[in-house]
1. How about LYS170: which aspartates and glutamates have a C-alpha closer than 18 Å to its C-alpha, ignoring those fewer than 8 places off in the same chain?
2. Go ahead and run the numbers for FRET between ILE126 and LYS180, Cβ-Cβ distance against an R0 of 25 Å, rounding to 0.05.
3. What nm distance separates the two modelled labels at ASP59 and ASN33, each placed 7 Å from Cα along Cα→Cβ?
4. Which FRET efficiency value, to the nearest 0.05, do you get for ASP98 and LYS170 by plugging their Cβ-Cβ distance into 1/(1 + (r/R0)^6) with R0 = 30 Å?
5. Give me P(r) over region 53-193, computed from all C-alpha to C-alpha distances, binned every 5 Å, as integer percentages.
6. Loop only by DSSP, 14 or fewer other Cβ within 10 Å of the Cβ. Give me the trypsin sites (Lys or Arg not before Pro) in region 41-145 that pass, ordered by residue number.
7. Output ³J(HN,Hα) for region 106-122: one whole-Hz value per residue in order, computed from phi by the Karplus curve 6.51 cos²θ - 1.76 cosθ + 1.60 with θ = phi - 60°, and x for Gly and Pro.
8. About the Cα centre of region 37-194, what is the dipole size in debye to 20, counting +1 per Lys and Arg Cβ and -1 per Asp and Glu Cβ, all else neutral?
Amino acid sequence: MKKTLLIFLLALSSYNLISQNKIDLKSAISGVNGWNKVKDVDAAYIINFPNKPEKGNNDVDTDKGVVKMNTYTLQTADGDNLIYMSSFTEYPNSFFPDKLQSEEKQNEVLNNSVKGAVNNTRGTLILDDKITFNGYNGRIIKIEVDEGYIIKMKVLLVGIKLYIAQVIFKKENDDNADAKRFFDSFELINVKNE
């Protein structure tokens, strides 16, 4: 079941990511109050996991070519959440010459991300809230998938960079404290408006 959920998670993350990232990730993982703090300097974010996550990157096929998505993933054997994941992708300038300056274009990218996540998981969208985080547009979404599982995602668009934090849990563990702590720990660092 956990392998199936990981496949769902990876499929979820692969939707509509039409970017190419040529950044060499530099990150540090350290303990914070029993949790592991991930500070990815190149991706310009910090997030805390309940244990040490596995760093990876995935080549994702899209209709415009192969893109790279950089991830941190943690599968847990116990607790309220089965999988924690954060990901980062930077879109190439050629895809968005206007650098997504208009709110309309930003919402289009975010809406397509939500639609792609729902389609790739064959789930049902049960929450889609627009958010503003440090002045940037984003979404908080929940997708219910087969067998009573929920995927909760925080999706944030910063210029042409897409950040995703996500957790998978059983329906009865909705809005649990560890998921809240994970999402609340997400911070942007050294972000410059271009």
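Rule-based calculations on the coordinates, nothing more; no lab input. This is a predicted model, so every value here is computed, not measured. Glycine also receives a Cβ, built like all others from the backbone with ideal geometry; neighbour counts cover every protein chain displayed.
1. Correct list for LYS170: ASP78, ASP80, GLU144, ASP146, GLU147, ASP178.
2. Details: r = 17 Å, r/R0 = 0.70.
Step by step, r from the Cβ atoms, then E = 0.90.
3. 4.1 nm
4. Values: r = 42 Å, r/R0 = 1.40.
Taking R0 as 30 Å, the efficiency between ASP98 and LYS170 is 0.10.
5. Answer for region 53-193: a P(r) of 2, 9, 18, 23, 22, 16, 7, 3, 1, 0 percent.
6. Passing both the DSSP loop test and the Cβ count: LYS64, LYS99, ARG122.
7. 4, 5, 4, 5, 5, 4, 5, 5, 5, 4, x, 5, 5, 5, 5, 9, 6
8. On the way: 21 positive and 25 negative charges, 60 e Å.
Result for region 37-194 is approximately 280 debye, rounded to the nearest 20.
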